[in-house]
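Worksheet: one structure, shown below.
The values are calculated or read from the model by the stated rules, or taken from the named source; none is laboratory data. Everything numeric in this text was worked out from a predicted model, so none of it was measured. Heads up, the Cβs are rebuilt from the backbone with ideal geometry, glycines too, and the neighbour counts pull from every protein chain shown. Side chains are part of the model used for accessible areas, which takes the heavy atoms of the whole protein and leaves out ligands, DNA and RNA. Shrake-Rupley method; radii C 1.70, N 1.55, O 1.52, S 1.80 Å.
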Amino acid sequence: MRHLFTKGTDLNAPVIVLFHGTGGTEHDLLPLAQAVAPTSSVLSVRGNVLENGMPRFFRRLAEGVFDEEDLIYRTQELNDFLDQAAADYGFDRNNLIAIGYSNGANIAGSLLFHHPGALRGAILHHPMVPRRGVKLPDLTGVPVFIGAGQNDPICSPRETEELQKLLGDAGASVAVHWERAGHQLTHTEVGAAAEWYKQNIA
Ligand code: MLT
């Protein structure tokens with residue numbers, strides 16, 4: 001997969017893995033890694049799917065309607081890529097914290113749903129429920145930050161609460177931060193994620 005890797009100054013710190021939103025690239029979220037974990041190595045990945053020229057991490061059938069088969073396939077592909085990247089760059093595969101926005105938050109959520117141990121924790125900005133009707137793996141102690149907008153037309157507050165419950169019931173320690181905003185990522189939300197990271201990960 002297309003990606004960028006930057007070695008951090010603290011090689012014992014978690015490696016931050018970045019997943020952009022629809023139409024983004026591996027360059028978009030680099031400032032978030034800098035804001036949240038400035039000493040960490042960063043692996044930033046570009047989604048392998050194109051929708052009218054816009055990179056994404058998996059196909060969708062319509063706005064908010066995921067192509068489940070492709071989601072499962074792409075999640076596996078991404079998990080395999082993370083295994084390979086850890087071997088190639090020599091980082092600890094078991095010490096990855098994802099930061100994803102929108103479609104990138106959804107693929108990070110899908111890693112949590114389908115691949116136990118894929119992520120040590122995650123910051124999900126405006127995620128949806130990636131899949132329904134499946135048993136989640138044991139996520140005991142996995143810290144998850146969810147940033148959500150009270151007026152988000154894509155990820156409704158109800159869906160945010162559903163995701164919080166699914167992850168929480170699987171044992172994850174979930175914190176939800178609400179913004180009085182829509183789907184956009186605000187500075188205050190990034191600040192809240194950075195503060196959460198300090199308290200829960202660093
Ligand atoms: C998705 O398709 O993953 C969500 O609708 C968010 C987005 O628009 O990318």
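Lys/Arg Cβ at +1, Asp/Glu Cβ at -1, dipole of the range 3-200 taken about the Cα centre: which of 154, 29, 175 is farthest positive-ward?
Value computed over the given set: 175.
With a 1.4 Å probe and every protein chain kept in, tell me what percent of the accessible surface of the chain is carbon plus sulfur.
49 percent
Which whole-number value in Å² is the accessible area per residue of the range 3-200, probe 1.4 Å?
Here the residues of the range 3-200 average 44 Å² of exposed surface.
Enumerate the lysines that residue 165 could reach by cross-link, defined here as Cα to Cα under 23 Å, with residues fewer than 8 away along the same chain left out.
Candidates past the 8-residue exclusion: 135.
Place a point 7 Å from the Cα of residue 5 along the Cα-to-Cβ direction; which residues of the range 81-100 have their backbone N under 18 Å from it?
81-99
How far is it, in nm, from the label point at residue 54 to the one at residue 161 when both lie 7 Å from their Cα along the line to the Cβ?
2.9 nm
May I ask you to derive the relative contact order of the range 94-202, considering only C-alpha pairs under 8 Å and at least 6 residues apart, and to give it as an integer percent?
Computed value for the range 94-202: 23 percent relative contact order.
When the Karplus curve 6.51 cos²θ - 1.76 cosθ + 1.60 is applied with θ = phi - 60°, which whole-Hz ³J(HN,Hα) does each residue of the range 164-173 get, with x for Gly and Pro?
4, 5, 4, 5, x, 5, 7, x, 5, 9
Loop-only check: which GluC sites (Glu not before Pro) in the range 1-91 are DSSP coil with at most 10 other Cβ within 10 angstrom?
Here the GluC sites (Glu not before Pro) that fit, given the DSSP loop and packing criteria, are 63.
May I ask you to work out the translational diffusion coefficient for the chain at 25 °C, viscosity 0.890 mPa s, via Stokes-Einstein with Rh from the Kirkwood sum over Cα pairs, reported in whole µm²/s?
It diffuses with D of about 149 µm²/s by this estimate.
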